[in-house]
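A.B. asks: Below are the structure tokens for one structure; questions will follow.
Any read-out appearing in this document is the output of simple, stated calculations on the displayed coordinates, not a laboratory observation. The structure presented is a predicted model; accordingly, all values stated were derived computationally and were not measured. Quick reminder, even Gly has a Cβ in these numbers, built from the backbone with ideal geometry, and neighbours come from all protein chains shown.
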Amino acid sequence: MFVQFRSFRTEYLQQIIEITRRNLTERYNDFIFLDIYRSWPGAFIIGMAENKVAGFICGGLSGEREARILMFAVDSPYRKMGIGSGLITLFEQEASKVKVNRIKLEVKTDNIEAINFYKNKGYIVTGLLPSYYNDGSDAYVMQKFI
Ligand SMILES: CC(C)(COP(=O)(O)OP(=O)(O)OC[C@H]1O[C@@H](n2cnc3c(N)ncnc32)[C@H](O)[C@@H]1OP(=O)(O)O)[C@@H](O)C(=O)NCCC(=O)NCCS
């Protein structure tokens, strides 16, 4: 399948909101997407397939030379095709451009698929955040030096 990676545009917002609802368990206010985009436009990256938004990644600069992945999802029909790998690679490249040397993220401790995905990309578990999510579940903190 032909996949293209693009920068965020407001015309994609509704599809991004829907992908978030379908694939992430946390619930977000719709305005947060624009806030995240404005805080670091280059790191809000979209994967397009079949003329639709198939997935996206976005993040923030969270400390000196540190970035955080805030949301990352590929819609289930488009998984295991390399879109997630493309998105996280582009995110890491964007982070390097702004002199970030460490990327952090939180992931649910029962999200084995995502944890393995991140491990295969070089991220390691560095902490545990009990009851981090709204539903009371725990998060691992994972990070990678780039
Ligand atoms: C985590 C997530 C973003 C990965 O997206 P993805 O597009 O499936 O990622 P990829 O296709 O690049 O890689 C997924 C796996 O498929 C494999 N794969 C990639 N292309 C493949 C292909 N053509 N054929 C078979 N397998 C393939 C990869 O090797 C990878 O294996 P790994 O996870 O063991 O490393 C996706 O599973 C997702 O959205 N999950 C739900 C939301 C979520 O948990 N987000 C993270 C919150 S912290």
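A.B. asks: Give me the one-decimal nm value for the distance between modelled label points at I146 and T89, 7 Å along each residue's Cα-to-Cβ direction.
C.D. replies: Here the answer is 1.3 nm between the modelled labels.
A.B. asks: Assuming a viscosity of 1.002 mPa s and a temperature of 20 °C, what translational diffusion coefficient in µm² per second does Stokes-Einstein assign to the range 67-114, Rh being the Kirkwood radius over Cα pairs?
C.D. replies: Rounded to a whole number, D works out at 178 µm²/s.
A.B. asks: Also, quick follow-up: Where the centre of each part is set by its Cα atoms, how far does the range 69-146 sit from the range 1-47, in angstrom?
C.D. replies: Going from one Cα centre to the other spans 16 Å.
A.B. asks: Show that you can apply the helix-only estimate: for the chain, add -39,500 (n - 2.57) for every DSSP H stretch of four or more residues, divide by all residues, and state [θ] at 222 nm to the nearest 500.
C.D. replies: -9000 deg cm²/dmol
A.B. asks: Okay, next question. How many nm is it between the label spots at R79 and V98, if each spot is 7 Å from the Cα in line with the beta carbon?
C.D. replies: Each label point lies 7 Å from its Cα, and together they span 2.8 nm.
A.B. asks: Another one. Using a 10 angstrom Cβ neighbour count of at most 16 plus a DSSP loop assignment to flag exposed trypsin sites (Lys or Arg not before Pro), which longest range of the chain is free of such sites?
C.D. replies: 28-64
A.B. asks: For the chain, give the magnitude of the charge dipole about the Cα centre (Cβ charges: +1 Lys/Arg, -1 Asp/Glu; no others), in debye to the nearest 20.
C.D. replies: 420
A.B. asks: Remind me, relative contact order of the chain in percent, using alpha carbon pairs under 8 angstrom and six or more residues apart?
C.D. replies: 19
A.B. asks: Can I ask one more? How high is the FRET efficiency between E26 and N116 when r is their beta carbon distance and R₀ equals 22 Å, given to the nearest 0.05?
C.D. replies: Efficiency computed from Cβ-Cβ geometry: 0.60.
A.B. asks: Among rounded, prolate and oblate, which fits the range 26-146 when a ≥ b ≥ c are the square roots of the eigenvalues of its C-alpha gyration tensor, a/c under 1.5 means rounded, and a/b larger than b/c means prolate?
C.D. replies: Rounded, since a/c falls under 1.5.
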